[in-house]
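The values are calculated or read from the model by the stated rules, or taken from the named source; none is laboratory data. Just so you know, these numbers come straight off a predicted model, no measurement behind them. Here Cβ is always computed from backbone atoms with ideal geometry, including for glycine, and neighbour counts include all displayed protein chains. We work out accessible area using only protein heavy atoms, side chains counted, and drop any ligands, DNA or RNA first. Shrake-Rupley method; radii C 1.70, N 1.55, O 1.52, S 1.80 Å.
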Amino acid sequence: MTRERYNPKETEPRWQAAWEEKQLFSTSNDDSRPAYYVLEMFPYPSGRIHMGHVRNYTLGDVLARYKRAKGFSVLHPMGWDAFGMPAENAAMQNKVHPGEWTWANIASMRNQLKPIGLSLDWAREFATCDPSYYKHQQRLFIDFYKAGLVDRKTAKVNWDPVDHTVLANEQVIDGRGWRSGAVVEQRELTQWFLRITRFADQLDNALDSLDRWPEKVRTMQRNWIGRSEGLLVRFAIANAAATPGADGQRDLKVYTTRPDTLFGAAFIGIAADHPLARTLAAQNPALASFIADIRKTGTAQEAIDKAEKRGFDTGLRVAHPFDPDWTLPVYVANFVLLEYGTGAIFGCPAHDQRDLDFARAYDLPVTPVVCPPGVEPATFLIGDEAYDGEGQLINSRFLDGMSASDAYEEVARRLETAQLDGAAVGERKVNFRLRDWGISRQRYWGCPIPMIHCDACGVQPVPVDQLPVTLPEDVSFDKPGNPLDRHPTWSKVDCPNCGAPARRETDTMDTFVDSSWYFARFTDPWNAGAPTTATAVARFMPVDQYIGGVEHAILHLLYSRFFTRAMKETGHVDLEEPFTGLFTQGMVVHETYRDASGAWTEPGDVRIESSGADRRAIHVKTGEPVSIGPIEKMSKSKKNTVDPDDIIAAYGADTARWFMLSDSPPERDVIWTDEGVQGAWRFVQRVWRITQEVASLEAGSGDGPSPVARALRKAAHHAIAAVSDDIEKLRFNRCVAQIYELANAIQSAINNATESGDGSVDVVDALREANAILIQLLAPMMPHLAESCWEALGRKELVATAPWPVHDPAMLVEDEITLPVQVNGKRRADITVARDADRATIEQAALAEDGVKRAIGDAAVKKIIIVLQRIVNVVI
RNA sequence: GCGGUCGUGGCGGAAUGGUAGACGCGCUAGCUUGAGGUGCUAGUCCUGGAAACGGGGUGGAGGUUCGAGUCCUCUCGACCGCACCA
């Protein structure tokens, strides 16, 4: 029989309008049902949605729709991470105001997003560049400031002398500004910092509790925080008077995680920027020129990799803490970092590779003090490799014979009690790699830092009732630098304290600040008086499932975790961890194509021909062969992008969503292929056809129970259980497989019924039930098709409002089960027995099988292992 | 160098320690349909055999176990992250 094909172009907008009209996805803050918060990382409004967005939002949407059907009040919002540099670059290139550009992009991206059919609560939409949002961010900043969580200090920054702005480390490529190409300078600037280090220990410890986060992300954060336990040791300076520039210097503080190796010390290294190095250099031209020289070696990673260990003997000597007569030379060394620890180290060449390289270059003694297990101490020598493992202490006086960890404790204990100038020589110290978060940016298109500089009163926060500090509209981008800085009037303001003329802060905030609390704002974006509403936060936070790309594994997620703690401390939320569940999805990738001249060729211009195992690509216009290149992340430069608009126009949103979900596990990359999309398209049509056939079936003769019907019901209820479980675990590719299996089962039952004429009442009933279940199970993934099918089944309400089907456990229980029978672990036969058959019955049945008899042959049966309802293994 | 993830058909991928390869793509054959992205049926890990029925098989080598893709040890390879952090 002929049926009309399913036409998404007609149905998809219709169902979207129906959902909209009934406001199905707007979430009330007063709802007695349990809440569930699904959030995908909000997009930067670049102007176009790409396939990565479609994948990200589809994953979240499946979960949102499923949880809604399970009876939760689901919060699933969308907004825009709308501040940032691209808007300013566009302003410079096209003479369009960053705000205008951004809002136009938001409008067009919203229009692209809507046809995907996502169940989003658009009533909560906001953009971070809107003063109604950043007003509250300024309030948070001031509250943090008052709580001592904000710091203003000088810091070394990457300065682009052409663009007149600070660059983030990742914006410096081979020592040059990524945009201007100018050689980046290191400058000391006074900057605003958020004191993330105050929470370093908490941020590290709490990672253990985030058991619904990928292990990988937790490890990355742990490394980034870089907690280490060690000892601060003060070395007395032995010859201050004899060293020009060292007058008054009494001690030098060093941080070490290996106090056990103290007797292997050969030298002290200090950073080029260490205060002591500076004072010494002021009296020592040779040292000054050495420092200037090593500063020149680039900051680029490659340069650091290749840099040789270099040092300069300052002439200064310090005394060993356990032996005042033993002095160590103090070097300025290029591999010692000022930013970590105290900016000074003691070098133990035998047990640290860097120190060893240095010692070899400057001919310093290499004394092994930790002997590896099983090695004779007398013969233990260090060659080109330092030994950093455990072992027994040697050449270490009172430590000799101890294990390294006991020696660590012994040294720490002794130095904690030893005195130098009235203070302890040693102090246990937990150190972190994590630095405070510098948020000052010399840019226009960001959230203004709400501070005022007064000559008399110093730095003053803007009074809260004067917020927001809005960005001026009349700015120009024809010159490099920060337009706020050169605006004639904007920065002029009266000091809130004394009323004298003062100056606004013209730096704006790093855009990572904007995204560090937006998830909390979504719980009540209507609150004009405060950033958050306690009841709304309590209702929805933390986010139950957060979904986004792994590229934000460190910065965004760590900043958000910090912000949540800071907001707790300032009374804006009552929780510490913002995201209990985190999922990092893979990228959308595609084959690349190049024509004969080597030019990248778009997938739309390529036709793939295959015969057998051969795949060849041909240019559709020229007919010339095209070479198929590696599969890579979709990018404009390689022209291997597929435009969501085109796909939706050709196949509809459901096909695109289904394919995204079906082909790969969500955490892995998915390869976009035209064949795959067509397969998804065929399945859409197939579901539609099946539904129409089932809907038109008329119950024939026969009213007894049918085994066909029973098998179908089992398949359907099994699918309910499996799909539900897989959605909970975000294993959508397995859901898809389950749904295919159910569709196949329905298909064969239909064929069976129509061919044999066995359309008994029971079979038709079972078909209708299974078909309804099929539609409901795929509804979270292909919501439009599901509505159309639901309607075809004669249902009056929307499937989007239908409760999730519940499986009947009785349907999953088999009366008879088929057990594989192995002989010595190899399967030789199957037996079918009653579900509750006892061991003796099973054993008898197993040994009666021909295949089993043949495999046993003349051998004696040693043992028979029977795992009930699983397997039988005969051991011979 | 350090840390993490992962190696399964032609491809994407399934397998609470219990029948390896579900499901899809592709391919093969037959039927159907036929002007515009068809549909249905059967087959598709390798290998011997007409078949029945065998042999082998989850990067490699060992081990634990009645039984290993799964657990353990070593090893090879790929990808990702960090990288002079004392």
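Quick notes
- The set of residues in the stretch A:1-30 being farther than 16 Å from A:ALA123 by Cα and not in a loop (DSSP other than H, G, I, E, B) consists of A:PRO8, A:LYS9, A:GLU10, A:THR11, A:GLU12, A:PRO13, A:ARG14, A:TRP15, A:ALA18.
- One residue stands out in the stretch A:503-514 among those that are touching an Asp or Glu at 6+ places or on another chain (Cβ under 8 Å) and surrounded by 22 or more Cβ atoms within 10 Å (Cβ to Cβ): the one that is farthest from A:GLY481 (Cα to Cα), namely A:ASP514.
- Scanning the stretch A:98-154 for residues that are of a type in the set (S, T, N, Q), in a helix (DSSP H, G or I) and under 20 Å from A:ILE49 (Cβ atoms) yields A:THR102, A:ASN105, A:SER108, A:ASN111, A:GLN112.
- Filtering the stretch A:508-543 to residues that are assigned to a helix (DSSP H, G or I), of a type in the set (D, E, K, R) and under 26 Å from A:ARG33 (Cβ atoms) leaves A:ARG521, A:ARG539.
- For A:VAL162, the conditions (1) out of contact with any helix residue (DSSP H, G or I) (no Cβ under 7 Å at 6 or more places or on another chain); (2) open to solvent by less than 60 Å² (accessible area, probe 1.4 Å) are fulfilled apart from (2).
- Test: residue in the stretch A:128-140 that is surrounded by fewer than 17 Cβ atoms within 10 Å (Cβ to Cβ) and touching a Pro at 6+ places or on another chain (Cβ under 7 Å): yes
- If you filter the stretch A:540-551 down to residues that are within 13 Å of the chain's Cα centre (by Cα) and crowded, with 19+ Cβ neighbours inside 10 Å, you find that the one that is farthest from A:THR580 (Cα to Cα) is A:GLY548.
- Enumerated strands (runs of 3 or more DSSP E) restricted to the stretch A:163-275, each holding at least 3 residues that are within 12 Å of RNA strand B (Cβ to nearest atom): A:228-236, A:251-256, A:267-270
- Residues that are within 23 Å of A:ALA553 (Cα to Cα) and not hydroxyl-bearing (Ser, Thr, Tyr) were ranked within the stretch A:515-539; the one that is surrounded by the most Cβ atoms within 10 Å (Cβ to Cβ) is A:ALA520.
- Being touching a residue at least 12 places away in the same chain (Cβ under 8 Å), out of contact with any strand residue (DSSP E or B) (no Cβ under 7 Å at 6 or more places or on another chain) and open to solvent by 50 Å² or more (accessible area, probe 1.4 Å) holds for only one residue in A:LEU338, A:LEU356, and it is A:LEU338.
- Matching entry among A:LEU415, A:LEU434, A:LEU420 (being open to solvent by less than 20 Å² (accessible area, probe 1.4 Å) and over 42 Å from the mean Cα position of the chain (by Cα)): A:LEU415
- Candidates are the residues of the stretch A:339-386 that are more than 15 Å from RNA strand B (Cβ to nearest atom) and not in a loop (DSSP other than H, G, I, E, B); the one that is nearest to A:ARG428 (Cα to Cα) is A:CYS371.
- For the stretch A:650-675, a residue qualifies if it is assigned to a helix (DSSP H, G or I) and farther than 21 Å from A:ALA786 by Cβ, and the qualifying residues are A:ASP674, A:GLU675.
- Residue in the stretch A:696-707 that is modelled with pLDDT under 95 and either among the aromatic types (Phe, Trp, Tyr) or in contact with a Leu (Cβ under 7 Å, 6 or more places away or on another chain) (or both) present: yes
- The set of residues from the stretch A:614-646 being hydrophobic (A, V, I, L, M, F, W, C), surrounded by 19 or more Cβ atoms within 10 Å (Cβ to Cβ) and not in a strand (DSSP E or B) comprises A:MET634, A:VAL642.
- Note on the stretch A:805-820: among residues that are near RNA strand B (Cβ under 9 Å from one of its atoms) and hydrophobic (A, V, I, L, M, F, W, C), the one that is nearest to A:LEU777 (Cα to Cα) is A:ILE817.
- Matching residues, the stretch A:836-863, being over 11 Å from A:ILE876 (Cβ atoms) and more than 14 Å from RNA strand B (Cβ to nearest atom): A:ASP836, A:ALA837, A:ASP838, A:ALA840, A:THR841, A:GLN844, A:ALA845, A:LEU847, A:ALA848
- For the stretch A:11-57, the set of residues classified as hydrophobic (A, V, I, L, M, F, W, C), closer than 14 Å to A:LYS114 by Cα and assigned by the TED database to the domain that holds A:ASP514 consists of A:ILE49, A:VAL54, listed by residue number.
- Applying the criterion of being among the β-branched types (Val, Ile, Thr) and touching a residue at least 60 places away in the same chain (Cβ under 8 Å) to the residues of the stretch A:567-616, the residue that is farthest from A:TYR518 (Cα to Cα) is A:ILE608.
- Test for A:ARG33: is it charged (D, E, K, R), touching a strand residue (DSSP E or B) at 6+ places or on another chain (Cβ under 8 Å) and open to solvent by 20 Å² or more (accessible area, probe 1.4 Å): yes
- Among residues of the stretch A:534-553, those that are under 14 Å from A:LEU210 (Cβ atoms) and either more than 16 Å from RNA strand B (Cβ to nearest atom) or β-branched (Val, Ile, Thr) (or both), counted: 5
- Set A:ALA265, A:ALA238, A:ALA271, A:ALA246: member being open to solvent by 20 Å² or more (accessible area, probe 1.4 Å) and not assigned by the TED database to the domain that holds A:GLU88: A:ALA238
- Restricting attention to the stretch A:743-761, the residues that are open to solvent by less than 30 Å² (accessible area, probe 1.4 Å), assigned to a helix (DSSP H, G or I) and over 28 Å from A:TYR651 (Cα atoms) add up to 2.
- Residue among A:ALA69, A:ALA35 that is modelled with pLDDT of 95 or more and out of contact with any Pro (no Cβ under 7 Å at 6 or more places or on another chain): A:ALA35
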